[in-house]
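A quick write-up on the structure given underneath.
The values are calculated or read from the model by the stated rules, or taken from the named source; none is laboratory data. Predicted model only: the values in this text are computed from it and were never measured. Counting neighbours? That spans all protein chains shown, and the Cβs are built from the backbone with ideal geometry, glycine included.
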Amino acid sequence: MDLNDVMKMLKDPQALQKQALEAQARMASLSAVGSAGGGMVKMTLNGAMDLLSVEIAPEAIDPNDPAMLQDLIKAAHNDAAYRVKEAMQADVARSMGSIPGFNA
């Protein structure tokens with residue numbers, strides 16, 4: 001993207017705002033599932049990193065070892081967050097390819 005392309009984009013703030021709103025809506029609509037313990041704990045996050053759901057298999061619940069379940073929950077969350085970020089980066093790369101003068 002060269003300076004002329006940037007200047008063209010800046011001259012149309014409404015188009016920029018529209019693109020930003022569309023990107024925000026796409027991000028909010030993304031979701032990803034992370035898992036840990038071979039799928040014993042699953043967690044779904046959306047693009048705003050809001051927790052949408054948690055699934056915990058009964059065998060993951062050991063009253064004598066709460067630390068294990070805590071670790072599985074943290075690992076599932078981190079996995080889901082990583083997957084959301086990957087999806088966001090892929091979406092941004094696709095949308096940047098649609099901007100004239102920018103080849104992602």
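Among the residues of the range 60-90, just one is of a type in the set (Val, Ile, Thr) and under 17 Å from residue 29 (Cβ atoms), namely 84. Considering the conditions (1) in contact with a Gly (Cβ under 8 Å, 6 or more places away or on another chain); (2) among the polar types (S, T, N, Q); (3) at pLDDT 95 or above, residue 53 is excluded by exactly one of them, (1). Residues in the range 61-87 that are of a type in the set (Gly, Ala, Ser) and surrounded by fewer than 18 Cβ atoms within 10 Å (Cβ to Cβ) were compared, and the one that is farthest from the chain's Cα centre (by Cα) is 67.
Results for (1) without any contact (Cβ under 8 Å) to a residue 40 or more places away in the chain; (2) assigned to a helix (DSSP H, G or I); (3) over 30 Å from residue 7 (Cβ atoms), shown as yes or no for each residue.
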position	(1), (2), (3)
27	no, yes, no
34	no, no, yes
64	yes, no, yes
68	yes, yes, yes
82	no, yes, yes
91	no, yes, no
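Considering only residues in the range 38-60 that are under 30 Å from residue 21 (Cβ atoms) and outside any strand (DSSP E or B), the one that is farthest from the chain's Cα centre (by Cα) turns out to be 50. For the range 31-60, the set of residues classified as buried (at least 18 other Cβ atoms within 10 Å of the Cβ), aliphatic (A, V, I, L, M) and closer than 30 Å to residue 94 by Cα consists of 32, 36, 43, 45, listed by residue number.
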